[in-house]
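Heads up, the thing below is written out as structure tokens.
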Amino acid sequence: MVSSLALTLVAVVALMLACWRIAVSIRDVSFIDVVWAWGMVYAVAVATVLAGGPAGPAGWALLALVSLWGLRLGGHLFARWRRLGRDPRYEKIMASALAKKGWSFERTALLQVFGLQGPLLWAVSLPAQTGILADSGGPLPLWGWAGVAIALIGIGFETIGDAQLEAFRKNPASKGKVLDTGLWRYTRHPNYFGDFTAWWGIFIVGVAAGAPIWTIIGPIFLSFTLTRWSGAPMLEHSLKKHRPGYEDYIRRTSGFFPLPPRRS
């Protein structure tokens, strides 16, 4: 398993280097989120090939769940990037490094974006990779199927949240307003909560397939990223400055886990 994981890490690094060259040529790193989603599928598919294909229902479930999650999210993000162009979050990251550290665009894109995201992508996908590699072909236990259900709930939650946000953005009457209906009435980040739920479900399936318990570092790190680092905090910092009414939305709406709205 160690040699197989080393090969998947090399494959992910190669993917990131290729995408880094594309980013340098177009002077835009914003498509990194697309690479993150599709790269998860890529890393797990490589593990599947190394394992000789899924040996049983657990391996097939892992491959299907990660593919469903990654292909759907990657397609959504790619369409959004093509429509909206540069992502202000990454523009800020690049501008900060260029100004404070005096780095070139090429160095900043490599060290601050693609060189960082590659190993993190590989680490987060470890429960799926190791689960496939360890799958002996035996039946998936009941608690493993519970993990499948949790992952599917997360994927569905994220898909619905993204669809509601896209519909809101396309409505001219929504300009300058805050989306506070549908799933967005119960959590300020249904897309991030969906990611969180999907990958904890995948972790459960991975362990049921034989993945070592230490692969819990994957969903733990993803949870930290979504709730404390580059997910919700960075997005909300911008929204509070540029979206009137967002402060009130924060006061009445749960920050992450879906809950009934509080009285404003």
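The values are calculated or read from the model by the stated rules, or taken from the named source; none is laboratory data. In this text the structure is predicted, and so the values were computed from the model without any measurement. All Cβ positions, glycine included, derive from the backbone under ideal geometry; neighbour counts span all protein chains shown.
Search region 190-226 for residues being outside any helix (DSSP H, G or I) and not hydrophobic (A, V, I, L, M, F, W, C), and hand back the single one that is farthest from SER254 (Cα to Cα).
Residues of region 190-226 outside any helix (DSSP H, G or I): 210-212.
From what is left, the residues that are not hydrophobic (A, V, I, L, M, F, W, C) are 210, 212.
Values: GLY210: 35, PRO212: 33 Å.
So the residue we want is GLY210.
When only residues in region 236-257 that are within 19 Å of the chain's Cα centre (by Cα) and surrounded by 16 or more Cβ atoms within 10 Å (Cβ to Cβ) count, which is modelled with the lowest pLDDT?
GLU236
For residues that are out of contact with any helix residue (DSSP H, G or I) (no Cβ under 6 Å at 6 or more places or on another chain) and either within 26 Å of ALA134 (Cβ to Cβ) or of a type in the set (A, V, I, L, M, F, W, C) (or both), tally how many sit in region 16-35.
Looking only at region 16-35, we keep the residues that are out of contact with any helix residue (DSSP H, G or I) (no Cβ under 6 Å at 6 or more places or on another chain), and these are 17-18, 21-22, 25-28.
If we keep only those that are either within 26 Å of ALA134 (Cβ to Cβ) or of a type in the set (A, V, I, L, M, F, W, C) (or both) as well, we get 17-18, 22, 26.
Residues in region 16-35 being out of contact with any helix residue (DSSP H, G or I) (no Cβ under 6 Å at 6 or more places or on another chain) and either within 26 Å of ALA134 (Cβ to Cβ) or of a type in the set (A, V, I, L, M, F, W, C) (or both): 4 in total.
Among the candidates GLU91, GLU106, which residue alone is loosely packed, with under 15 Cβ neighbours inside 10 Å, more than 25 Å from VAL41 (Cβ to Cβ) and either in contact with a strand residue (DSSP E or B) (Cβ under 7 Å, 6 or more places away or on another chain) or modelled with pLDDT of 90 or more (or both)? Working first, answer last.
Working: GLU91 fails: either in contact with a strand residue (DSSP E or B) (Cβ under 7 Å, 6 or more places away or on another chain) or modelled with pLDDT of 90 or more (or both).
Sole residue among the options that is loosely packed, with under 15 Cβ neighbours inside 10 Å, more than 25 Å from VAL41 (Cβ to Cβ) and either in contact with a strand residue (DSSP E or B) (Cβ under 7 Å, 6 or more places away or on another chain) or modelled with pLDDT of 90 or more (or both): GLU106.
Is it the case that region 134-145 has a residue that's polar (S, T, N, Q) and closer than 28 Å to ALA208 by Cβ? Walk me through it before giving the result.
The initial filter retains those residues of region 134-145 that are polar (S, T, N, Q), namely 136.
Restricting the remaining residues to those that are closer than 28 Å to ALA208 by Cβ gives 136.
Yes.
For region 230-259, which positions are assigned to a helix (DSSP H, G or I) and among the basic types (Lys, Arg)? Lay out the reasoning, then the answer.
Our first condition is that a residue be assigned to a helix (DSSP H, G or I); within region 230-259, this holds for 232-242, 246-252.
Matches in region 230-259: LYS240, LYS241, ARG251, ARG252.
Within region 173-189, is even one residue surrounded by 15 or more Cβ atoms within 10 Å (Cβ to Cβ), assigned to a helix (DSSP H, G or I), among the basic types (Lys, Arg) and touching a residue at least 12 places away in the same chain (Cβ under 8 Å)?
Taking region 173-189 first, the residues surrounded by 15 or more Cβ atoms within 10 Å (Cβ to Cβ) are 178-180, 182-189.
Imposing the further condition that a residue be assigned to a helix (DSSP H, G or I) reduces the set to 182-185.
Narrowing the set further to residues that are among the basic types (Lys, Arg) leaves 185.
Subset that is touching a residue at least 12 places away in the same chain (Cβ under 8 Å): 185.
Yes, because at least one residue in region 173-189 is surrounded by 15 or more Cβ atoms within 10 Å (Cβ to Cβ), assigned to a helix (DSSP H, G or I), among the basic types (Lys, Arg) and touching a residue at least 12 places away in the same chain (Cβ under 8 Å).
Scan region 117-137 for residues that are part of a helix (DSSP H, G or I) and within 16 Å of SER67 (Cβ to Cβ) and jot them down.
So the first thing to find is which residues in region 117-137 are part of a helix (DSSP H, G or I), and the list is 117-124, 126-134.
LEU121, VAL124, PRO127, ALA128, GLN129, GLY131, ILE132, listed by residue number.
Taking the stated definitions as given, is VAL66 β-branched (Val, Ile, Thr), free of Cβ contacts under 8 Å to residues at least 60 places away in the same chain and assigned to a helix (DSSP H, G or I)? Outline the logic, then answer.
Working: β-branched (Val, Ile, Thr): yes; free of Cβ contacts under 8 Å to residues at least 60 places away in the same chain: no; assigned to a helix (DSSP H, G or I): yes.
Considered against the rule, which asks whether it is β-branched (Val, Ile, Thr), free of Cβ contacts under 8 Å to residues at least 60 places away in the same chain and assigned to a helix (DSSP H, G or I), VAL66 comes out as no.
Where the second residue is in a helix (DSSP H, G or I) and of a type in the set (Ser, Thr, Tyr) and the first is at negative phi and lies in region 136-153, which pairs have Cβ atoms under 8 Å and are six or more apart or on separate chains?
Note: pairs meeting the criteria are ILE150/THR197; ALA151/THR197; ILE153/THR197.
For PHE114, are the conditions met, namely being crowded, with 19+ Cβ neighbours inside 10 Å and under 29 Å from ARG169 (Cβ atoms)?
Values: crowded, with 19+ Cβ neighbours inside 10 Å: yes; under 29 Å from ARG169 (Cβ atoms): yes.
Spelling it out, PHE114 is indeed crowded, with 19+ Cβ neighbours inside 10 Å and under 29 Å from ARG169 (Cβ atoms).
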